[in-house]
Amino acid sequence: MTRLDILKTYKIYIGGQFPRTESGRYYPLTGRNKELLANVCLSSRKDFRNAIVAARTAFAGWSSRSGFNRGQILYRIAEMLEGRKEQFIAELMIQGSTPKAASEEVSCSVDLLVYYAGWCDKYQALFSSVNPVASSHFNFSVPEAMGVVSIISSEESSLLGLVSSIAPVITGGNTCVVLASESKPLCSVTFAEVLNSSDVPGGVVNILTGKSSELHQHFASHMDVNALNYHREDKKEITNIREQACLNVKRVFTHSASDVTSGSPYLILENQEIKTTWHPVEQIGPGKAGY
Amino acid sequence: MKKNKTPKPLNFSTGWDYAPAPESTDHIKLEKQYDLFIGGKFVKPSGGKYFDTINPATEKKLASIAIAETKDVDKAVQAARKAYDTVWGKMPGAERSKYIFRIARMIQERAREFSVIESMDGGKPIRESRDIDIPLAANHFFYYAGWADKLNYAFPNRKPSSLGVAAQIIPWNFPLLMAAWKIAPALATGNTVVLKPAETTPLTALKLAELIRDSGLPDGVVNIITGAGNTGAAMVGHTGVDKIAFTGSTDVGKLIQKSIAGTNKKLTLELGGKAANIIFEDAPLDQAVEGIINGIFFNQGHVCCAGSRLFIQENVADIVIRKLKQRMETLIIGDPLDKNTDIGAINSKEQLQTILKYIQIGKNEGADIYQSSCSMPAKGFFCKPTLFLNTSQSHRIVQEEIFGPVLTIQTFRTIEEVIEKANNIPYGLSAGVWTDKGSKIFNLTSRLRAGVVWANTYNKFDPTSPFGGYKESGFGREGGLHGLMPYLKF
């Protein structure tokens, strides 16, 4: 007798847990021959709001970790992903990738995580400045995490789009809620398992599956979201997002997929605030001590 | 046990008054009427309409100012576009740089005239316009002039280029300084400009237009047009504009953000604030009191980064409040042109009404009011320096930006508590911390969610120092290297 395979239940990822959508809704994902691959969670506004609560709760801890520590955790994600390469390749292939493309996509994703792992304790030096003010003050500016970032990741790619949208955001100490590709959602849930086993604190990355057409307005209008990163091309959604974003002066950044897959410290900078600090200096002038 | 005796209040009525020390106004040149500065010339507004700009300290008219209508805005944007396409966008950075340096120098040469006009039109004390607004404006041009040919060094591994035409809308609290903050980085990065000063304070911007005309800057690189909200809306909505920079209220900022949602216009917003100014028990209290005074009464409190929420550690609250009240008694309210004046005129009747409305709200909310017993001028728009004691986080006067000389006071016990309260507000522009302990300063400055944090000082500005907000205080930075970014694409 042949053994019956165990199929995976694809759930969403909120606050380090894998709940089903509170709405109980799903959409069927089918393969090339119309066979059912999974019943995928059709996340609701309430799921999104729960995820934001988790992300906000995790923000203080994540943003105050040292860059070095965040770097090690990002590197750990890369290690875990590398170790599960075959699983991701298989998953990409049942979602329509060729073996070569699937293998490349996973390798690129791992490499991108390693790239950003290295940035965690370096972008600060790149984007900081000591400002030579004309009064007797010491004055410097440093980048600081913006807060909670909502992300609508690329529709076209199941894994690389997701990883390239998350990595620069969490490298910079932000926490996020990400909407995965609707048509290729499988890798996002499996990637959540990778995150879950990589010492990434619960709530730092939260992953939802579902429809951008339903959720984008909530991603844009939620009052406890500081920035929104949009990685799709739908002009109507972009306009709608920008309109809703004004409710709390949310920062909105739009990207095409190719913008982000190559990685750049300037993508980290996007979701950073610049903070300037002043302090008086008791005396400014030529020093009395000479040679 | 010996009871703590409250010291006798200081007596300042010695019978000796300050003799008036008015700055002379006979050397300044003001026209009766100002037109729109478009394409290097002053031109009549298409609708032929003008409004009055008045001196808020005397309520007397200073000049008639043109109202730019949609047609005029279009003309200005076209002039800016032409200048961008034919001259400014192509000019080598080193040449652009020299033009901007020249503007800086000419402002320095005419600094006193600008200061006097600034105080007449806006009501701020001459000491402030003379020592802060105008020199900083000149310095801002001087600083950004030097960047024009060095942009490739500012952003490693990237090739920056200019955006095109920038529409810039500025407020009435620092009229010339805000114009400098907007124009200087835009020009240094190779953009051309259409700028609108605030309705109540157009004069120094128009004097700047004269100066720019005389400086030989190519026609149309800077266009300065006047009017009210409609003019601003036409600028924001114009399809020929690539960049919008706005400083003003959060409400208007949100409207602008919404209205350009369907476009690719780049946006910088510098909006409202409600800064926490935090005094710890170990702070140098006399200096802290000076910092509180400067934080809230500087420029009549018409400062988006004003330290309008004071937090005093509980065990020093009594002494700080006593010192604060005594210091308030010494403040001189009056003629902005008098060099003895500490607090000048409220910028407009409308703003005075807003402030008075908030003072009434504070009373209705049950907070305890204290006002200095200073004498007040009979004419003009003035407001007494005001404290509200026994306020709490939920009070409207604590949550909302008043933009006047009104300070709310709360006390706290622990660092955790004060950080929570300081951050618990939609704004995030600035904050102040007063303590003698270095490690406490850095704890606070890194946990306060605000774009500018002053430690043991307050309300300091410099062209090299980036300024701008977190959260609903807007986005983008002005000043410093970071201030170049909003005017470049990569």
If all Cα-Cα distances of chain A are sorted into 5 Å bins from 0 onward, what percent lands in each bin, rounded to whole numbers?
1, 6, 12, 16, 18, 15, 11, 7, 4, 3, 2, 2, 1, 1, 0, 0, 0, 0, 0
Please compute the length gained on full extension between B:Lys159 and B:Asn364, using 0.36 nm multiplied by the number of residues separating them and subtracting their Cα-Cα distance.
68.1 nm
Spin-label model distance (nm) - A:Ser197 vs B:Thr86, 7 Å beyond Cα toward Cβ:
6.8 nm
Other-chain or far-sequence residues with amide H under 5 Å of A:Ser23's (modelled H)
A:Ser44
1.4 Å probe, heavy atoms, protein only - residues of the range A:257-275 losing at least 20 Å² accessible area vs chain alone:
A:Tyr266, A:Leu269, A:Glu273, A:Ile274, A:Lys275
Treat each spin label as a single point 7 Å out from the Cα along the C-beta direction, and report the B:Lys489 to B:Gln287 distance in nm.
4.8 nm
Could you tell me whether the range A:32-81 comes out rounded, prolate or oblate from its Cα gyration tensor? Rule is a ≥ b ≥ c as square roots of the eigenvalues, rounded for a/c under 1.5, then prolate if a/b exceeds b/c, otherwise oblate.
oblate
Where a ≥ b ≥ c are root eigenvalues of the Cα gyration tensor, a/c under 1.5 meaning rounded, otherwise prolate if a/b exceeds b/c and oblate otherwise, the range A:153-213 counts as prolate
With a 1.4 Å probe and every protein chain left in place, work out the accessible area per residue of the range B:299-409 in Å², rounded to a whole number.
36 Å²
Carbon plus sulfur fraction of accessible area for chain B, probe 1.4 Å, in percent:
51 percent
With loop defined by DSSP as not H, G, I, E or B, and exposure as at most 15 other Cβ atoms within 10 Å, which is the longest segment of chain B clear of exposed trypsin sites (Lys or Arg not before Pro)?
B:159-338
Once you sort the root eigenvalues of the Cα gyration tensor of the range A:1-98 as a ≥ b ≥ c, which label holds: rounded (a/c under 1.5), prolate (a/b larger than b/c) or oblate (the other case)?
oblate
Surface per residue (accessible, 1.4 Å probe) for the range A:37-279, Å²:
34 Å²
Would you mind finding the longest exposed-site-free stretch of chain A, with exposed GluC sites (Glu not before Pro) meaning DSSP loop and at most 16 other Cβ atoms within 10 Å?
A:36-155
The range A:37-279: relative contact order in percent, alpha carbon pairs under 8 Å with at least 6 residues between:
28 percent
Taking 0.36 nm per residue of separation between B:Glu314 and B:Ser64 and subtracting their Cα-Cα distance, the length gained on full extension comes to 84.8 nm
Using only the alpha carbons of chain B, what is the convex hull's orientation-averaged projected area in square nanometres?
24.3 nm²
Residue-ordered couplings for the range A:122-138, obtained by feeding phi - 60° into the Karplus form 6.51 cos²θ - 1.76 cosθ + 1.60 and rounding to whole Hz (Gly and Pro as x), are 10, 4, 4, 5, 5, 9, 8, 8, 9, 9, x, 5, 7, 10, 7, 9, 9
Give the lysines whose C-alpha is closer than 16 Å to that of A:Lys11, dropping any in the same chain fewer than 8 places away, or say none.
A:Lys46, A:Lys184, A:Lys211
Whenever you get a sec, compute what percent of the accessible area on the range A:37-279 sits on carbon and sulfur atoms (1.4 Å probe).
56 percent
Solvent-accessible area lost in complex, 10 Å² minimum, residues of the range A:228-252 relative to chain alone, 1.4 Å:
A:Thr239, A:Arg242, A:Glu243, A:Cys246, A:Leu247, A:Asn248, A:Val249, A:Lys250, A:Arg251
Residues meeting the amide H criterion for B:Leu267 (H placed from the backbone, H to H distance under 5 Å, 5 or more places apart or on another chain) are B:Ile244
Be a star and scan the range B:312-328 for residues whose amide nitrogen sits under 20 Å from the point 7 Å along the Cα-to-Cβ vector of B:Ala21.
B:327-328
Where a label projected 7 Å from the Cα of B:Asn340 along Cα→Cβ would reach, residues of the range B:4-36 with amide N under 19 Å:
B:11-25
Over all residues in A:138-144, what is the mean tally of Cβ atoms on other chains that come within 10 Å of each residue's Cβ?
4
Largest first and in whole Å, what are the equivalent-ellipsoid semi-axes of the range B:1-118 based on the Cα gyration tensor, each being the root of 5 times an eigenvalue?
47, 24, 17
Debye-sum result for the range A:166-291 in log10 I(q)/I(0), which assumes one identical scatterer on each alpha carbon, at q = 0.10, 0.14, 0.18 Å⁻¹:
-0.42, -0.69, -1.10
Dimensionless Rg/Rh of the protein assembly as shown, both radii on Cα and Rh by Kirkwood, sits at 1.01
State log₁₀ I(q)/I(0) for the range B:276-455 at q = 0.11, 0.15 Å⁻¹ as given by the Debye formula over alpha-carbon point scatterers of equal weight, solvent excluded.
-0.44, -0.82
Going 7 Å from the Cα of B:Lys379 along its beta-carbon direction, which residues of the range B:294-338 have the amide nitrogen within less than 16 Å of the resulting point?
B:334-338
For B:Phe412, what residues show an amide H to amide H distance below 5 Å, using hydrogens built from the backbone and excluding near sequence neighbours?
B:Ile312, B:Gln313, B:Glu314
Per-residue HN-Hα couplings for the range B:449-461 [Karplus 6.51, -1.76, 1.60; θ = phi - 60°; Hz; x = Gly/Pro]
8, 8, x, 10, 10, 9, 10, 6, 6, 7, 6, 10, 9
Relative contact order in percent for chain B (Cα pairs under 8 Å, 6+ apart) equals 17 percent
What's the total accessible area buried between chains B and A, using a 1.4 Å probe, rounded to the nearest 100 Å²?
3100 Å²
Compute the distance in nm between two label points, each set 7 Å from the Cα along the Cα-to-Cβ direction, one at B:Lys29 and one at B:Thr330.
4.2 nm
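The values are calculated or read from the model by the stated rules, or taken from the named source; none is laboratory data. Remember, predicted model here, so these are calculated numbers, not experimental data. All Cβ positions, glycine included, derive from the backbone under ideal geometry; neighbour counts span all protein chains shown. Each accessible area value is taken on the protein alone, full model and side chains, heavy atoms only, with ligands, DNA and RNA left out. Shrake-Rupley method; radii C 1.70, N 1.55, O 1.52, S 1.80 Å.
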